[in-house]
Amino acid sequence: MASLALTTAPLPSLRSRTAFPKSLLLKPSPRLRAQTRPGPLRTAALGFNKTLSPLIAFPKLAESSREFAPLRSRGLTVKAAAAGGGSIIPAKQPWQGAAMKPLIASIATGVILWFVPTPAGVTKHAWQLLAIFLATIVGIITQPLPLGAVALLGLGAAVLTKTLTFAAAFSAFGDPIPWLIALAFFFARGFIKTGLGNRIAYQFVSLFGSSSLGLGYSLVFSEALLAPAIPSVSARAGGIFLPLVKSLCVACGSNVGDGTEGKLGSWLMLTCFQTSVISSAMFLTAMAANPLSANLTFNTIKQTIGWTDWAKAAIVPGLVSLIVVPLLLYLIYPPSVKSSPDAPKLAREKLENMGPMSKNEIIMAGTLFLTVGLWIFGGMLGVDAVTAAILGLSVLLVTGVVTWKECLAESVAWDTLTWFAALIAMAGYLNKYGLISWFSQTVVKFVGGLGLGWQPAFGILVLLYFYSHYFFASGAAHIGAMFTAFLSVASALGTPPFFGAMVLAFLSNLMGGLTHYGIGSAPVFYGAGYVPLAQWWGYGFLISVVNIIIWLGVGGVWWKFIGLW
């Protein structure tokens with residue numbers, strides 16, 4: 001007689017969680033009793049205290065009964081076995097550690113560079129940190145582990161090799177930008193949880209939702225209108241537009257993890273991110289590091305970049321980029337749902353069904369207005385962006401709109417905080433150890449020795465300045481390390497100084513679109529999970545080429561017209 005052996009991998013507590021299929025407990029006929037005597041089968045190994053009917057003795061029941069599906073979904077498999085073979089065999093667990101090939105590639109990158117002879121003018125610590133930094137970047141690209149884990153391994157390697165002290169390695173966890181990004185995810189949780197996000201999303205869909213492209217443009221220009229008033233791109237992206245975009249994606253049936261990302265979310269997230277760097281380049285007050293560019297310009301060439309000077313020079317290439325980039329992404333990375341004529345009507349019906357705003361929605365809306373107000377006017381009150389966000393989150397926690405348990409459950413926020421802070425720390429110490437200044441001086445000598453006219457020489461400088469941003473996790477760090485050197489050389493080679501300063505200042509924003517860590521809005525939109533990392537970097541490079549062509553081509557003609565050069 002055959003019996004059934006149930007294998008588990010490993011067994012959770014099934015005593016009270018999964019009821020045994022009732023169809024297998026039917027009372028057998030007298031004939032069956034005669035066939036199956038003398039003894040019953042027991043399931044003590046599974047934690048059941050009852051005796052199974054001998055009807056289970058027939059293995060074909062295990063093959064045909066669909067009631068075993070709940071058990072299989074929890075790691076149980078049902079097999080026919082010889083009589084007396086009722087043992088429970090643990091199933092083989094899948095490997096849960098690192099993906100070996102990407103891990104080996106990451107480690108090999110660091111080891112090879114570590115043993116390359118240190119160039120003249122570079123300290124040993126700077127070269128070793130560069131090896132660890134590049135190994136970490138390769139790990140972040142290939143992802144042998146989640147991004148936060150890769151970054152933590154990089155910091156661990158830096159501390160273990162005494163390249164960085166523990167305090168230096170973890171110093172960026174005190175930087176406000178990673179925390180502002182993490183706080184943005186907590187705001188997004190409240191935005192969606194209360195239903196306020198859906199309400200606003202349905203309003204947008206009712207107005208612009210007949211086409212995905214129209215919906216995208218409405219978000220792009222809304223963000224651009226807010227840009228001059230909110231000097232933190234992290235705050236704009238994370239506190240306002242990430243919650244809204246996520247709500248729009250969910251409302252349109254585009255979710256992370258269920259195969260519907262390409263329906264709308266992938267294109268919309270990438271579009272909103274790439275245009276956020278454009279709007280940051282359009283106004284002096286649209287990005288926190290822009291005033292640093294203006295200050296370094298004055299210190300280097302003794303000319304002042306005013307708010308009007310910046311806006312007048314950037315408005316034409318900026319508007320062209322805001323129009324071209326969403327359309328280009330729509331053509332090469334299209335959403336699967338392009339047109340939905342019935343969407344506005346359905347959205348209005350959804351709004352009617354939602355009824356008036358709930359108490360939590362009102363609290364969430366009030367908190368959002370308070371936080372955005374402080375982002376706009378906080379400079380006059382001495383309240384910075386992250387302090388305003390902490391105050392807003394405090395209101396949400398005290399009122400119960402968002403709970404601390406929900407904040408702890410936002411794994412993407414904590415993961416992003418970890419890897420972004422790690423990259424900021426390593427990139428910052430590359431600058432402190434003198435590697436960036438060595439690189440700048442080397443580039444300057446190389447370009448200056450080519451004997452070119454100022455236009456091609458400035459073009460080379462621009463490209464080197466722009467694409468060296470792969471080594472930076474902060475626009476401010478890049479500007480502080482390289483802006484003065486490149487502006488000085490460009491001026492010495494004959495580039496009109498004010499023109500050179502303006503171009504470098506604009507590009508200091510646009511280069512943030514290269515990676516998922518290059519500007520404050522990048523970790524926010526990437527962390528939503530709609531766009532794979534390889535596509536994020538690939539399209540980031542492509543859009544960077546488009547932006548350079550627009551800003552130096554269309555912008556160059558416009559700047560000639562207004563007398564900038």
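The values are calculated or read from the model by the stated rules, or taken from the named source; none is laboratory data. Keep in mind it's a predicted model, so treat the numbers as computed, not measured. Neighbour counts are summed over all protein chains in view; Cβ atoms, including those assigned to glycine, are modelled from backbone coordinates with ideal geometry. With ligands, DNA and RNA removed, areas are computed over all heavy atoms of the protein, side chains included. Shrake-Rupley method; radii C 1.70, N 1.55, O 1.52, S 1.80 Å.
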| said: Using 0.36 nm times the number of residues separating Leu533 and Gln455, minus their current alpha carbon distance, what extension gain do you get? | reply: 24.6 nm
| message | Within region 83-194, how many Lys pairs that are eight or more residues apart, or on different chains, come under 29 Å at the alpha-carbon? | response | 4
| Non-local amide H neighbours of Ser211 (under 5 Å, H modeled in plane, Pro and chain starts lacking H): which ones? | Ser340
| task | Specify whether the C-alpha gyration tensor of region 266-411 places it in the rounded, prolate or oblate class, a ≥ b ≥ c being the square roots of the eigenvalues: rounded for a/c under 1.5, otherwise prolate if a/b is larger than b/c and oblate if not. | result | oblate
| request: Express the accessible area of region 401-524 per residue in Å², computed with a 1.4 Å probe while the remaining protein chains stay in the model. | output: 31
| field | region 193-319, accessible surface, carbon-and-sulfur percent (1.4 angstrom probe) | value | 65
| request: Return the FRET efficiency for the residue pair Phe221, Ser358: r is the Cβ-Cβ distance, R0 is 25 Å, and the value is rounded to the nearest 0.05. | output: 0.25
| query | For Thr308 and Lys92, what is the calculated FRET efficiency with R₀ set at 60 Å and r taken between the beta-carbons, to the nearest 0.05? | reply | 0.30
| message | Using just the Cα positions, wrap region 411-526 in a convex hull and report its mean projected area in square nanometres, one decimal place. | response | 6.8
| note | Scoring only Lys, Arg, Asp and Glu (+1, +1, -1, -1) among other residues with Cβ under 15 Å from the Cβ of Leu207 yields +2
| note | For region 300-366 the trypsin sites (Lys or Arg not before Pro) that pass both the DSSP coil test and the at-most-12 other-Cβ-within-10 Å test are Lys302, Lys338
| field | Sequence ranges 400-410, 512-522, ranked by mean other-Cβ count within 10 angstrom, highest first | value | 512-522, 400-410
| So which of Lys338/Lys359; Lys246/Lys405; Lys263/Lys359 end up more than 25 Å apart by C-alpha? | Lys338/Lys359; Lys263/Lys359
| remark: Rounded to the nearest 10 Å², the accessible area of Asp342 using a 1.4 Å probe with every protein chain kept is 110
| query | Hey, got the dipole for region 186-315? About the Cα centre, +1 on K and R Cβ, -1 on D and E Cβ, debye to the nearest 20? | reply | 200
| remark: Most packed first (mean Cβ within 10 Å per residue), the peptides 264-273, 97-106 order as 264-273, 97-106
| query | How many nm separate the modelled label positions at Val383 and Leu397, each set 7 Å beyond the Cα in the direction of the Cβ? | reply | 1.7
| task | Please report, as a whole percent, how much of the solvent-accessible surface of region 498-565 comes from carbon and sulfur atoms (probe radius 1.4 Å). | result | 78
| Portion, in percent, of the accessible area of region 405-444 that falls on carbon or sulfur, probe 1.4 Å | 62
| How many Å² of accessible area per residue for region 160-300, probe 1.4 Å? | 31
| request: Extending each Cα 7 Å along its Cβ direction at Ile390 and Trp404, get the distance between those two points in nm, one decimal. | output: 1.5
